[in-house]
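What follows draws every value from the coordinates through simple rules; no lab data is involved. These numbers come from a predicted model, not from an experiment. Because the Cβ atoms are built from the backbone with ideal geometry, glycine has one as well, and the counts that use them run over all protein chains shown.
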Amino acid sequence: MNINGKDRHVQKLYKAQKLTLYWLLGLIYSGFIGFQLGRIQAIADFNYNLHELMFVPATIALFVVPVLFLIYLYFLIKYLLGRGKQKMSLKTSTLAGLVVVSIIGIVFITGYQSLEVSTSGIFEVDQKLQEERKYYLVFDDQRVSVSYNEFQLVEENQQYLISFVWNKRTPNEGRLETIEPLR
């Protein structure tokens, strides 16, 4: 292979890894954004079909991103070996780092969110707590964060229909979704 042929081959590998990188970034972020939008209850209340469509990019990304990442690594390694000892451009290095950091960050965020549990029922508020500018209701050994208004409206030793979300990693803490007094 002559020098021009080698340069063209390296250029094709560069363009292939760059195109794969852009597709990878697009799928990662559209999947993550779709997953986050799909978790918003207001969208499900407004239009359930739209709510379900929000998960389509996340589902596609779940299966395509690992394959695309391997393809990207293949093109990147071939490109790096083919070009010799030249330095990688700052833009390419930054984008490659962004892909790796994005994948790691999204895996941790999604892993944490996958352990969230929603609980609803009739609970008696045992205690109201205020720590600095944060407000909590305590019931059944569960500490649930609430807004200032909710904190002011709720009375201790009264029963309420409560819906809250908590995480299995922090089982004694949660955040309030809805609360209604029982009359």
Using just the alpha carbons, could you tell me how many Å³ per residue the convex hull of the chain encloses? 160 Å³
Residues Lys168 and Val107, FRET efficiency given R0 of 22 Å [Cβ-Cβ distance, rounded to 0.05]: 0.80
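For Arg175 and Gln158, compute 0.36 nm times the residue count separating them, minus their Cα-Cα distance, and round to one decimal in nm. All intermediate terms of the calculation are to be shown ahead of the outcome.
Values: separation 17, 0.36 × 17 = 6.12 nm, distance 1.89 nm.
This chain segment gains 4.2 nm when fully extended.
Quick one: His9, His51, fewest Cβ neighbours within 10 Å first, how do they rank?
Details: His9 15, His51 18.
So the residues, fewest neighbours to most, are His9, His51.
Under a Cβ-only charge scheme (Lys and Arg +1, Asp and Glu -1), can you give me the dipole magnitude of the range 3-113 about the Cα centre, in debye to the nearest 20?
940 debye
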Cα-based helix-to-principal-axis angle, 90-113 vs the chain, degrees rounded to 10: 30 degrees
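Efficiency by 1/(1 + (r/R0)^6): what FRET value for Ile71 and Gln41, r their Cβ-Cβ distance, R0 = 45 Å, to the nearest 0.05?
On the way: r = 37 Å, r/R0 = 0.82.
Rounded to the nearest 0.05, the efficiency is 0.75.
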